[in-house]
Amino acid sequence: MIRLALKMLFGDNAKYLMLVAGLFFATFLIVQQASVFCGLMRWTTSTLKNVAAPIYVVEERVEQVNETNPMRDTDVARVRSVAAVRWAMPLFSGLQRVRLADGSFKTIQLLGIDSASLAGAPGRMIEGNLEDLRLPNTVVIDELATTRLSSDPSDPSKKVKIGDQFEINDVEARVVGICEALRSFTGGPYIWTTYERALLYTPGARKMLTAVIAAPVEGMTANQAADEIEKATGLRAFVNEGFGSNPRDRMTAKGEHYGDFNTSTIWWYVKNTGIPISFGTTVVIGFIVGVAISCQTFYAFVLDNLKHLGALKAMGMSNFRLSIMLVFQAFTVGLIGFGLGLLATSGFALGAINNGQPPFYMQWQIPIGAFVAIQVICMLAALMGIIRLSLYEPAMVFRA
Amino acid sequence: MSIFSLILRYGSIAAAIFGVVAIIFVHQTQAEKQMPAPGNPPIMPPQKPFVESVAATGILESLSENVAIGVPIPGLVAEVPVKVNDKVKKNQVLLKLDDRDLRAEELSVQAQQEISKAQIKVSEAQLAKLRSQLERLTSVTDSRAVSRDELENRKQDVAVAEAQVAAAKAQLAAAEASLKRISLLIERLTVYAPQDGTILQVTAHAGEYAATSPKSPAMILGDIDRLQVRADIDEQNAIRIRADQKAYGYLKGDPSVTFPLEFIRLEPYVIPKISLTGSSTERVDTRVLQVIYSLERPSDPPLYVGQQVDVYIEAPDRHKSP
């Protein structure tokens, strides 16, 4: 029976191709668009990934990491004074402009970290020594900056190297290290320097401290410590564990109050920008187009083979067994279309990951969800075929 | 069955299987590109010495604070007999200002003194002369030989001459006082050490102009055998501070250097915080309570006056009332 079903399916090349193509496009649209959306949302939290600290303490009303309200310098000491805190260090983060030798400007994301402990330093250095950051007028740049800040980005020999210089707000900056970093949402490279120097590079303001990064004492979770910090200082403490639900999430009169900075940041973008609508629409359209094409083609396929199916029915095959055949056919087509869609997505993904652009981050849930969606489409198509088949009288075969 | 449909059939199945494998590969590649999970900083900050504590930033000073040595009047520096790092005793000469104008004045007063001395001699001679004339008149026994008027005149002359001697003497005294005054003023141009200590900084050099501005002292003197830490405590934490709480200091940049601190006093006046961060403009953020602790100067590593330290002060549990 299975062999028969497969034979029927592969019998007509054109129909088979149509069926697979519809599902292929649906899979590609759903997986690729959802991954690009996730990648873009991940970019909004890249500061949290690049400055990997368990706890972020920010001003009371801050909701997302790219838009913070500065605090006073002594707030570091206040957070340090909380018993649950193992260490607490200042962090500066802000957009600045770099002037290159040829006079052009580039936007960068400037990070200022504590010079003594280097808390918040890049996780992986490619070249150079992190501790050289304590030398005067020095910065550590990320890989993106090596091309972005070079005089000719298309020429690899002109990449920014260790020892090269540029200007941040007319103050000299000398490169002492190159590191790996996640790209920022604004597209600019990340540049690390010490907290004191970041203040020199930045036009003065009354308050300059973006955030205090901290860690819990041993034997305490980040969530517990964050609660203690909020209680003791009145500042807002977020944990940095990644997007997802957190035990500290709670509803307030002003809306959801998230315990994790990643979650809070991403929800801020979801609520305040058109990004999810745009991507969501594409994903939904991918689904609808998949449903439309597949159902239509599968229905046409069933109609075409109605004679054979009717003959089988006339030979005494039960409706149930025939339905199983149709479901199996739909499932197989779905599987192949899904696989081909993943193949195309992988091609896109490898290009995007190697290039760093466009954003691409595939959560493991995305292909699973896409698989379920594709199978739902296929089962819908199979259902239509089954309905048509069950209405078909075996006698009709002999009437023609 | 045609070749084409065979290729289509098996090719599509193979491509689909390859697609699933490829997406797993993509997932692994992106996992490798993930940033490391949150962790500890490259150089671990010091372990907190107390469970409940108040953290503060402080600055090392010499005990009894750093004395900014000033000059009495603005003027040219003539001589600086001490160097940085010199140990000085109380009343040792630290700095001499140019005193030539006063010395010039002294010369003219000295001349004045000589004149006054000569003047005394002149008036004394005059007095002696008049006295002898009077004596001659009074020695005449016959009262008719000398007119009464003449005798009176002579007596008056002697009195005037006596007064003139006194005036000349007073003038000499005035000149002498003037000399003393000038030598005191000259003396004042030499700056002496007000206490024992070490010269920490010298900004005035011979030939330079020293101003009286308190912001730019000519030199800084301090006792660096024992140091003190001036810790700035945020006003919101100030309520948790009491006298005689235990405290530890950590040198900024080297968490391995710990030194116990001994409480000296609380500064009763809460001042606006002066930023220690090295920013180009001083930013007054908040007010801070200053607590002074003393510490024994360890032989190794060397500590320097002016270094920043992180201070942890044992404090009562904030959940219980202290």
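None of the figures in this text is laboratory data; all of them are computed from the coordinates on show. It should be emphasised that the depicted structure is a prediction, and the values quoted were computed from it without experimental measurement. Cβ sites come from the backbone with ideal geometry, for glycine too, and all protein chains shown count toward neighbours.
Once the Cβ-Cβ distance of residue B:196 and residue B:216 is raised to the sixth power relative to R0 = 22 Å, the FRET efficiency obtained is 0.35. Normalised by residue count, chain B yields a Cα convex hull volume of 305 Å³ per residue. Among B:273, A:15, A:254, the order by Cβ neighbours within 10 angstrom, fewest to most, reads A:254, A:15, B:273.
If the label point is 7 Å along Cα→Cβ of residue B:317, which residues in region A:218-249 have backbone nitrogen under 19 Å from it? Inside the label zone: A:218-221, A:224-233. Hydrophobic, long helices, defined as DSSP H runs whose alpha-carbon span along the helix axis is 24 Å or greater and whose mean Kyte-Doolittle value is at least 0.5, occur in chain A at A:13-44, A:275-304, A:319-355, A:365-390. Reducing region A:7-43 and region A:190-243 to their Cα centroids gives an inter-centroid distance of 44 Å.
Taking a ≥ b ≥ c as the square roots of the eigenvalues of the Cα gyration tensor of region A:53-239, is the shape rounded (a/c under 1.5), prolate (a/b larger than b/c) or oblate? It comes out prolate by the Cα gyration axes.
Applying both filters, DSSP loop and at most 11 other Cβ atoms within 10 Å, to the trypsin sites (Lys or Arg not before Pro) of region B:111-158 gives B:144.
Extension gain, residue A:321 to residue A:245, is 22.9 nm, computed as 0.36 nm per intervening residue step minus the present C-alpha separation.
So what's the back-of-envelope 222 nm ellipticity for chain B, counting only DSSP H runs of four-plus at -39500 (n - 2.57) apiece and dividing by all residues, rounded to 500?
Numbers: 3 runs with 111 residues, N = 322.
Taken over chain B, the calculation gives -12500 deg cm²/dmol.
Between residue B:244 and residue B:166, what is the FRET efficiency for a Förster distance of 56 Å, r being their Cβ-Cβ separation, to the nearest 0.05?
Using R0 = 56 Å, I get an efficiency of 0.20.
Computed over the alpha-carbon atoms, the protein assembly as shown gives an Rg to Rh ratio of 1.36, Rh here being the Kirkwood radius from the mean inverse distance. Does anything in region B:186-207 have its amide N under 14 Å from the 7 Å Cα→Cβ label point of residue B:100, and if so which residues? Residues B:207 qualify, since their backbone N sits under 14 Å from the label point.
Dipole orientation for region A:53-239: of the candidates A:146, A:181, A:233, A:233 has the Cα lying most toward the positive pole (charges on Cβ; Lys, Arg +1; Asp, Glu -1).
The calculated FRET efficiency for the pair residue A:205 and residue B:257, based on their C-beta separation and a Förster distance of 35 Å, comes to about 0.55. Bridges between two residues of region A:53-239, per DSSP, are antiparallel at a rate of about 80%.
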